[in-house]
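Read-outs: derived from the displayed coordinates by stated rules, not from any lab. As the structure is a prediction and not an experimental result, all values here were calculated from the model. Positions of Cβ are generated from backbone atoms using ideal geometry, with glycine treated the same way; all protein chains shown enter the neighbour counts.
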Amino acid sequence: MSGDPPVLSNVVYDDLVVDRRMGPFEETVSADVAAGLAAEIGRPHPVDEAPPAVFPVLFLKALRRAMGGIPPGSILAKQELEFHRALPVDSAVSIETWIGNKEVKRERPFVTIEFDIRDAGGARVVTGRKVIIWPTGPGEEAPE
Amino acid sequence: MSVDRDFPGVTDRVTQDNIDAYAELSGDFNPLHVDPEAAAASEFGGIIAHGPVALHSFFRSATAWLGTAALPPGSKVSVVYRAPTRPGDEVTCELRELAELDDGRAALQADCVNQDGTTVVSVTAELAPLGA
């Protein structure tokens, strides 16, 4: 990865294309990140395998890279995770993501984003999805 | 199987510091989580935590119950975020139902509840036995 993606995205709901694949994005689950999510957040606890809280973080990292930032004002409504294989800390993973569905319900735009996380050997580690209420207001400029 | 009293109901105290720590870990600097002015102007009227911060007490409870750092392969977790969690909240995971499936997995339903008794997160999970 050459530099961080922007902080906030300006992608609007109408521009989201169902089934268009994004990635794979490469990430490394460092011992520090795993430790930071193994106990109370911000109070690191060393572990040998990635704790479950690592995977929503990987979802967010992939979302930020896929969308050129996090959609400002987006709200997480639902999340599903399927655990296929343990992941030792300091492992590299690749994450593919795509829009699984988009629909307006009760005048709010709901977007389902699918994730497929694989280890360096290509084996599935975690798959899942999140349903986000997409922001409807104008995009915001990323802070400096 | 009746509700297992040995399931630990872990409590997380949510602070702006651990919301900020989660933003750093995840790269999610959504203004709803880190910008008091923007959050105050939103429908929530102030800062709310990232959804997974509210879910965290479930993951901590489940891994403590299993006695492992990770969830075993074959496990599934489904989460509904029901209400916002704010700095100063204390979120406790409460087990509601527990049953054993034919394949040996534990099927459970749990809620993450704040100090006012409001369910902020509901979880349905199938946890595979260790070594499966």
Please average, across the residues of B:75-87, the number of beta carbons from any other chain that are within 10 Å of each residue's own beta carbon, and give a whole number. 4
Over all directions, what mean area does the Cα convex hull of the protein assembly as shown project, stated in square nanometres? 14.5 nm²
Provide A:37, B:98 in ascending order of the number of other Cβ atoms located within 10 Å of each residue's Cβ, fewest first. B:98, A:37
Charge sum, other residues only, whose C-beta stays under 10 Å from residue B:76's C-beta, Lys/Arg counted +1 and Asp/Glu -1: -2
For residue A:13 and residue B:118, extending 7 Å from Cα along the Cα-Cβ vector and measuring point to point gives, in nm, a value of 2.4 nm
How big, in percent, is the set of alpha carbon pairs in region B:66-132 lying more than 13 Å apart? 66 percent
Name the residue farthest towards the positive end of the dipole of chain A from the options A:93, A:126, A:38, assuming +1 on Cβ of Lys and Arg, -1 on Cβ of Asp and Glu, about the Cα centre. A:126
Given +1 on the Cβ of Lys and Arg, -1 on the Cβ of Asp and Glu, and no further charges, what dipole in debye does chain B carry about its Cα centre, rounded to the nearest 20? 200 debye
Simple spin-label model, 7 Å along Cα-to-Cβ: residue A:105 to residue A:30 in nm? 3.8 nm
Taking loop as defined by DSSP and a crowding limit of 15 other beta carbons within 10 Å, which chymotrypsin sites (Phe, Trp or Tyr not before Pro) in region B:3-57 fit? B:44
Shielding by partners, peptide B:41-54 (average Cβ within 10 angstrom, other chains): 3
CD proxy, 222 nm, chain A: helix-only mean residue ellipticity via -39,500 (n - 2.57) per DSSP H run with n ≥ 4, per residue, nearest 500, stands at -4000 deg cm²/dmol
³J(HN,Hα), Karplus 6.51/-1.76/1.60, whole Hz, each residue of region B:23-34, x for Gly, Pro: 4, 5, 5, 9, x, 9, 9, 3, x, 4, 9, 10
Please sort by residue number the GluC sites (Glu not before Pro) in region B:1-63 whose DSSP state is loop and whose Cβ has at most 10 other Cβ atoms within 10 Å. B:43
Averaged over the residues of A:81-88, the number of partner chain Cβ atoms within 10 Å of each residue's own Cβ comes to 5
Expressed as a whole number of Å, what is the distance separating the alpha-carbon centroids of region A:42-118 and region B:1-70? 14 Å
Please give me the summed charge of the neighbours of residue B:90: other residues whose Cβ is under 15 Å from its Cβ, Lys and Arg +1, Asp and Glu -1. -4
Net charge near residue A:63: determine it from the other residues with C-beta under 10 Å of the C-beta of residue A:63, scoring Lys and Arg +1 and Asp and Glu -1. +3
Relative contact order, percent, of chain B when contacts are C-alpha pairs under 8 Å separated by at least 6 residues? 28 percent
Once exposed loop trypsin sites (Lys or Arg not before Pro) are cut out (DSSP; at most 16 other Cβ, 10 Å), longest piece of chain A: A:21-84
Residue with peak Gaussian network fluctuation, chain B [Cα springs, cutoff 10 Å], from B:66, B:25, B:108: B:25
Provide the convex hull volume over Cα atoms per residue for chain A, in Å³. 120 Å³
In whole Å, what are the Cα extents of region A:1-77 along the three principal axes, biggest one first? 42, 26, 23
